[in-house]
1. Report yes if ASN147 is farther than 27 Å from LYS49 by Cα, in contact with a Lys or Arg (Cβ under 9 Å, 6 or more places away or on another chain) and surrounded by fewer than 21 Cβ atoms within 10 Å (Cβ to Cβ), otherwise no.
2. When the stretch 87-99 is examined, which residues are found to be at pLDDT 90 or above and open to solvent by less than 10 Å² (accessible area, probe 1.4 Å)?
3. Exactly one condition in (1) over 11 Å from the mean Cα position of the chain (by Cα); (2) at pLDDT 90 or above is not met by GLY76; state its number.
4. So in the stretch 107-131, with the set limited to residues that are open to solvent by less than 10 Å² (accessible area, probe 1.4 Å) and assigned to a strand (DSSP E or B), which one is farthest from PRO71 (Cα to Cα)?
5. What number goes with the only condition from (1) surrounded by 16 or more Cβ atoms within 10 Å (Cβ to Cβ); (2) assigned to a loop (DSSP other than H, G, I, E, B) that LEU10 does not pass?
6. Please verify whether the stretch 90-100 includes one or more residues that are assigned to a loop (DSSP other than H, G, I, E, B) and in contact with a Lys or Arg (Cβ under 9 Å, 6 or more places away or on another chain).
7. Please find, among SER79, SER56, the residue that is part of a loop (DSSP other than H, G, I, E, B), in contact with an Asp or Glu (Cβ under 8 Å, 6 or more places away or on another chain), open to solvent by 50 Å² or more (accessible area, probe 1.4 Å) and of a type in the set (Gly, Ala, Ser).
Amino acid sequence: VLFSKDMTRLIKYPSAKRMAEYQVPETVTEIAGDAFAHTNYLHRVALPKSLRILGSGVFSFCNHIEELVIPETVEGIPSYAFFCCENMERLTLPSRIKYLGYESICNCSRLKALILPPGFTQLDYAAVGGNAKLKELVIPEGVTELNNSALIDNINLCRIVLPSSLTAIWDHAFQ
């Protein structure tokens, strides 16, 4: 695994490394963009409480990861963070999250339920899209807008809780 010299930034996890589980060291405060992208064997990654920043696409195409718990110290989920994590069944987001980037939780075909914590005002383009088994979604108070295609292609979504703070639903939000 490649780190910065001071061990505060995880730069790259080898995609062909044959480990089912990995514990990110407690010294790490940032995981670079695409650091875990396309890993072939990981089923679980334990993230440290010291973590503050996730890079874009950090876990994209991690087809075997089943569950992730994002520490409370992380304030945002960047674009493509969990794009095509096909086996992810559970994703626990921090309670103080401020944003979900474009297609951040997208095409996670085994994800069944998602509770978005309060703290942000809008869901960006396809932020929670293409999750074929997603049946329930709770959108927190404070969200004022569902942007274009924010919840696109969630074909089995049968229960959604919308907040009273919602003032705009853009084109194709639920397409």
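The values are calculated or read from the model by the stated rules, or taken from the named source; none is laboratory data. These numbers were taken from a predicted model, which means no experiment stands behind them. Cβ atoms come from the backbone with ideal geometry, glycine included; neighbour counts cover every protein chain shown. Only protein heavy atoms, including side chains, enter the accessible area calculation; ligands, DNA and RNA are left aside. Shrake-Rupley method; radii C 1.70, N 1.55, O 1.52, S 1.80 Å.
1. For ASN147, the condition - farther than 27 Å from LYS49 by Cα, in contact with a Lys or Arg (Cβ under 9 Å, 6 or more places away or on another chain) and surrounded by fewer than 21 Cβ atoms within 10 Å (Cβ to Cβ) - is not met.
2. Within the stretch 87-99, MET88, PRO94 meet the criteria.
3. Result: GLY76 fails condition (1) only.
4. Of everything passing the filter in the stretch 107-131, GLY129 is farthest from PRO71 (Cα to Cα).
5. Against the list (1) surrounded by 16 or more Cβ atoms within 10 Å (Cβ to Cβ); (2) assigned to a loop (DSSP other than H, G, I, E, B), LEU10 comes up short only on (2).
6. No, because not a single residue in the stretch 90-100 is assigned to a loop (DSSP other than H, G, I, E, B) and in contact with a Lys or Arg (Cβ under 9 Å, 6 or more places away or on another chain).
7. One residue alone meets the criteria, SER56.
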